[in-house]
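One structure below.
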Amino acid sequence: MPDFVHLHLHTLYSLLDGAIRIKDLLKTVKAKGMSSVAVTDHGNLFGAVDFYKKAKEAGVKPILGMEAYVAGDKGRTDRSERIGRHLILLAKNAEGWANLRYLSSKAFTEGFYYDPRIDKQLLRDHSKGLVGLTACLAGEVPRLARQGDMDGARRVAREYRDIFEPGSFFLEVQSNGMREQLDVNAKLAQLGRDEGIPLVGTADAHYVSRQEAKAHEVLMCIASNKTFQDPKRLRHDTDGLFVAGPDEMAAALPDFREALDNTLRIAEMCNVELPLGKTFLPSFTLPEGMSEDDYIVKLAREGLDRRFREIDGKYPHDRDLYRQRLEMELGVIKKMGFPGYFLIVQDFINWAKEHHIPVGPGRGSGAGSIVAWSLRITDLDPLRWNLLFERFLNPERVSMPDFDVDFCQNRRDEVIQYVRGKYGQDNVGQIITFGSLKARSVIRDVVRVMGLPFAEGDRIAKLVPDPVQGKTPPLKELVFGSDKMPAEPRLKELYDKPTVISQWVDDKGVQNKVTTKDLLDIAMSLEGLNRQAGLHAAGVVIADKPLWEYVPAYKDDKSEMLVSQFAKEEVEAAGLVKFDFLGLKTLTVIDDALRMVKRNHPEMKDFAASDIPIDDPAVYELISRGDTGGVFQMESSGFTEMVVKMKPSRFEDVIAAGALYRPGPLDQKLEDGRTMVDVYIDRKHGREKVQYPHPSLEKVLEPTYGVIVYQEQVMQISQVLAGYSLGQADLLRRAMGKKKAEVMAKERVGFLAGAVANGVDDKVAGGIFDLMEKFAAYGFNKSHSAAYGLLTVQTAWLKAHYPVEFMAALISSEASNTDKVVLHISEARASQLEVLPPDVNESDAAFGAFPPGAESPKGSRGRIRFGLGAVRGVGDSAVQAIVEARASGPFKSLFDLAGRVDSKKINKKVLEALVKSGALDFEGVPRWQLYFGIDAAIAAGASAQADRASGQASLFGALTPSAATEAKPRYPRPGDAVGEVNVEEWPERVRLAFEKEALGFYLTGHPLMGYEREVRRYASSTCAAVAHKRHGDKVTVVGVVASLRERMNKEKGTRFGFLTLEDLTGTTEVICWASRPAQNGRPAQKGWSDWEHFVKGDEPVLVHGEVRINNREEENPRAEITALDIEPLAAVRNQKTSEIALRIDADRLTAARAGDLRALLGRFSGSCPVTVRAVIPEQTETTIAVPLKVQPADELLESARRLGFEVELR
């Protein structure tokens, strides 16, 4: 059999073009008798390390390369023309690999224009160690040959021959069989003979087998957002771009034996060995004459002494024990070579703290290190809470330490910029991630490409089960079943008994059809392929040289920083150390709340988050009664339910709660049918006696009432019972977590031997080992739970003692999430906190907290004032200008504001937004009058500012301040003309609509306010309650349409819509499909065309529908409503209202008010009777029959309320 090596091949790292998975590639290469293979993805080296490692494991020689894009004569920085000619580059040696990394990096950082591009000059400067192939028909030489320009092809071929080292440039003939390719192959062969340039044969493989060509076409359609029926879609007119074997290549290129032999020659030239597994830490700048070992010891010892001064008098501690632990840890850190890592981390954390950037108390197992605590990397005393260093850094298993650090969400980037400044802009970067085609989304994508109705794809996609802990079984398992799980019967039936779901005639006149089996086959072929590149949420790598010296670099539009082309595991394998800089919203909330506490309570001016006590009974009372909105970790209904049952009474309970609120402890049933959580709660409250598996374990398990909750407890049991070192105990814990039978059998023998040597009965020891093994699967890291528990207590303490400041900070942190803001506002108001619109005299940019004011209702606990920065259309510069101008005194009016604030910073649009939001309500003038007075205010203000600028005064300037700031402004009245508009008073719904436009939601009212009884009368659910409904539940919801999107089904020519429905509790999504006529015995179904004319209005509607669980975001399924019918609330009211009952205190029912009511009722003549009840409080009530009948219109009801009547519909 002839030999052959693939040198031009695209994997899943050629995003939405390559359809070859690395494992499938290597399996196929070996099966077809090939011992080497190259990967040449489009313009990138994303998969290089992944491919290299897996190829080495499979016994296949990896050849590293890429298909570069080469810019035109104007170079890679030119953006005037889109030129990117393909060129295959393969690395021969370490120098070639370094040049390949550099070229790929510069293509992204300097040459990106549609594609990452290099240019010939850059290639000339970095061509050593590289092999060049002329690539496909999109290569410069093949393209010229295809166009018949052989002189141009010859010139470019000679140019490339000169660029590469001798014998390292080849003309590429391909096996795809396309007519144009056959012609180009012949021309390149002649060119090679003429110029003495050797040929090489390739397959330009994009998929593993010929049978996957159709799936690959679908993939290209997904990439270009085209459908199969689109004649303009990108396509390859061949099914030959597969991983062919040597004999298949020989058959496809029968006249090119030497070209195929040259693939072996090139493979022998390429011998790159990646130095994986080494670690390249940047060097830390040290004081003169000190080593890293010396410096960390100095800082740690001094830091521990400082910690002693801080904890003296707060709780008992044995200084000798602490110092002994510190020296032990320092010895391990120095022996393992990690002082530099600790020094780097403490440096950027302490820089953040010195610059008042909030930093979390710790995260992960690092909180178990006393060195970290002494260096102020963490803020939780590990000895006080019995946290273990070996869980973080095991002296018996050398691996890099890993501190994940939480920073204030708003200021995290400042810390990253500090690190970039310290270590070099090109030496610091973020880490790439790859989003993949997941089961449900790929089904929907394939359906869209095939031109099928969205509903069809949705129906099939929803047969994929919900993810469990973020993971969904592969489609192949769901269709065919596996050892792990049976097939999903409905998907299996679609595959085994296929039905035609679409058919069409293509542009070549060929009849096509798609069955459910075809759909699933294609989806299974594409599932798991990479869809797009993104950024790791927190990972940052720091090197001592530019990143491309270690890994190829990438540029992302969302980041000004370099990004590694390797994902997290691969970038670490390449030797760079990852530091996690996480943004934690809770730290921002705590910091903002404390800032407001200090402003409102001067006696707290020196108070810090670290001063918050962890043993305050008020904290545990708040948590135990379920008042957990905004309390870190505990906000979800499930967590709240658990802590209400648990009733935590000490910090250890909070730590345990964080560890127990996990799928295992919550769900896994023990022998008696209870869960670990149930046992913990029953023992805490004395319903079950606390028992220990062995008396010697009481100290280990006493904090958790004898229940094994933490991984650290598994380690300590091994130490106490079987004499393990904590390092050995950590290895046992890891082994238990992996559940490998042969490993566990071996570990069991060692554990029993150690226990028996310690005088423990072997049967008791065996039982304890079994218990440990069971609980190790569910045990959680105590260090992490303790550190996060500290934030839980801090947020609960602030909420218990400073609720107005805490809730203001909380709402401010969620300003971009309307549903959360509405929820928190509702909770604040239920807690007697006022939530008020912005005010130009009181608001800063963010939400503010204030004590009750003169106009506050009785019982008010404080006022939360909206921030000016939350008003849409009011930018930072306008807010700053307003705050600066009011420093000389509060504004007295809109006119005063316009006269004092720099007119370059606020314009008419800004003033309109401020008025609509309520920021000028302090003037006591209705918003509609303020709004129509803006032009006059701007004119007066401009005049006043011009006078001040010129040094002139008004006519009375020598005697009084300017009229713009002092005279009482005159605002327009109804009927006045302002420009071309006649002034009209805003109805309440218009005022609220403008308020929502400015703030994003309703604050001082709601279109449904006043309709509460109607809502209760007609609705079966609130919008917020829909989230907790089950799939298929029937619901009726009353709300207003907050937003809508309309879509067209191109195949059917019908329209459908998506609504966001809002009520007083929150929002829910409503899907409105097209109407459907009666057919095949099915009744007609109303749809979008029946409802759109009124859902596009402002009036409340009644939605009757069925709950569906939306799984489009596979890791975040949510409930929504499929509408069955929608009715205007007014129409329902007209049908169902038999009487309008008006109620008013008798002393307010004056002759004038009665006359106004009579006139009002006369404007709404209808068939519904009206009664008026005049009430003398605590004495009597008189019902007056009104001789008029009306229609219960919204305007009538709203106007009656404005006249002072309570309105009830019966």
Cα-centred dipole magnitude for the chain, charges only on beta-carbon of K, R (+1) and D, E (-1), debye, nearest 20: 1440
Principal axis dimensions, largest first and in whole angstrom, of the chain by Cα: 110, 86, 81
Inter-label distance for ILE1109 and THR1150, nm, one decimal - labels placed 7 Å from Cα along Cα-to-Cβ: 6.1
The chain, helix-only ellipticity at 222 nm - DSSP H runs n ≥ 4, -39,500 (n - 2.57), divided by all residues, nearest 500: -12500 deg cm²/dmol
3J(HN,Hα) from dihedral phi, region 176-185, Karplus parametrisation 6.51/-1.76/1.60, rounded to Hz, x for glycine, proline: 6, x, 5, 4, 4, 5, 4, 5, 5, 4
Residues THR77, THR795, THR586 arranged by fewest to most Cβ contacts within 10 Å: THR77, THR586, THR795
Charge dipole of the chain about the Cα centre (unit charges at C-beta), most positive-ward option of MET400, LEU1160, VAL983: LEU1160
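Would you order ARG257, ARG85, ARG1030 from fewest to most other beta-carbon atoms within 10 Å of each residue's own beta-carbon?
Least crowded to most crowded, the residues run ARG1030, ARG257, ARG85.
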Dipole in debye (nearest 20) - region 872-999, about Cα centre, beta carbon charges: Lys, Arg +1; Asp, Glu -1: 180
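For region 29-83, which GluC sites (Glu not before Pro) are both in a DSSP coil and crowded by at most 12 other Cβ atoms within 10 Å? Don't jump to the answer; show the numbers that get you there.
On the way: sites: GLU57, GLU67, GLU81; in loops: GLU81.
Taking region 29-83 and a limit of 12 other Cβ atoms within 10 Å, the loop GluC sites (Glu not before Pro) found are GLU81.
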Centre separation in Å (Cα based) which lies between region 704-757 and region 523-575: 37
Proximal aspartates and glutamates to LYS578, defined as alpha-carbon separation beneath 15 angstrom and excluding residues fewer than eight positions away on the same chain: ASP402, ASP404, ASP406, ASP544, GLU569, GLU570
Full-extension gain in nm, SER1167 to ALA949, via 0.36 nm per residue minus C-alpha separation: 71.9 nm
Unit charges on C-beta of K, R, D, E only; dipole of region 435-534, Debye: 160
Approximate spin-label separation GLU997-ALA942, in nm, with each point projected 7 Å along Cα-to-Cβ: 2.2
Sequence ranges 262-272, 443-453, 763-773, ranked by mean other-Cβ count within 10 angstrom, highest first: 443-453, 262-272, 763-773
Measure of compaction for region 753-872 (Cα Rg per 2.2 N^0.38 Å): 1.84
Qualifying lysines (Cα of each under 26 Å from Cα of LYS74; at least 8 residues distant if same chain): LYS106, LYS120, LYS128, LYS555
5 angstrom amide H check on PHE169, placed H, neighbours 5+ away: GLY132
Hull-based mean projected area of region 372-413, where the convex hull spans the alpha carbons, in square nanometres: 4.1
Furthest towards positive pole of dipole, LEU660, ILE614, PHE775, structure part region 612-794, Cβ charges: PHE775
Sequence-distant lysines (8 or more away, or on other chains) whose Cα lies within less than 30 Å of LYS904: LYS892, LYS916, LYS968, LYS996
Principal axis dimensions, region 1137-1209 - Cα atoms, whole angstrom, descending: 33, 24, 20
Residue (of GLY853, TRP548, ILE431) at the positive-pole extreme of the chain, dipole from beta-carbon charges: GLY853
Long-range HN-HN contacts of THR1065 with modeled amide H, under 5 Å: CYS1023, ALA1024
Rg/Rh for region 634-788, where both radii come from Cα atoms and Rh is the Kirkwood radius: 0.97
Pairs from LYS471/LYS517; LYS471/LYS739; LYS438/LYS517 whose Cα-Cα separation, in the structure shown, is over 22 Å: LYS471/LYS517
Full-stretch length increase - SER1075, GLN425 - with 0.36 nm per residue and alpha-carbon distance subtracted: 228.2 nm
For GLY583, distant residues with modelled amide H under 5 Å away: PHE407
Bridge type composition, the chain - antiparallel percent by DSSP, nearest 5: 70
Cβ crowding within 10 Å averaged over residues, with 701-712, 1083-1094, 1098-1109, 314-325 ranked highest first: 701-712, 1098-1109, 1083-1094, 314-325
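Taking Cα pairs under 8 Å and at least six residues apart, what relative contact order does the chain come out at, in percent?
This gives 7 percent for the chain.
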Fewest-first ranking of SER610, SER856, using other Cβ atoms within 10 Å as the exposure measure: SER610, SER856
Region 1137-1209 - share of DSSP beta bridges that are antiparallel (%, nearest 5): 70
Simple label model, 7 Å out from Cα along Cβ direction - ASP876 to GLU641, nm: 4.4
Exceeding the 26 Å Cα-Cα cut-off - candidates LYS53/LYS558; LYS32/LYS738; LYS1052/LYS1136; LYS1052/LYS1096; LYS298/LYS422; LYS54/LYS462: LYS53/LYS558; LYS32/LYS738; LYS1052/LYS1136; LYS54/LYS462
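Read-outs: derived from the displayed coordinates by stated rules, not from any lab. In this text, all values refer to a predicted model and were calculated from it rather than measured experimentally. Don't worry about glycine lacking a Cβ; one is built from the backbone with ideal geometry, like all the others, and counts go over all protein chains shown.
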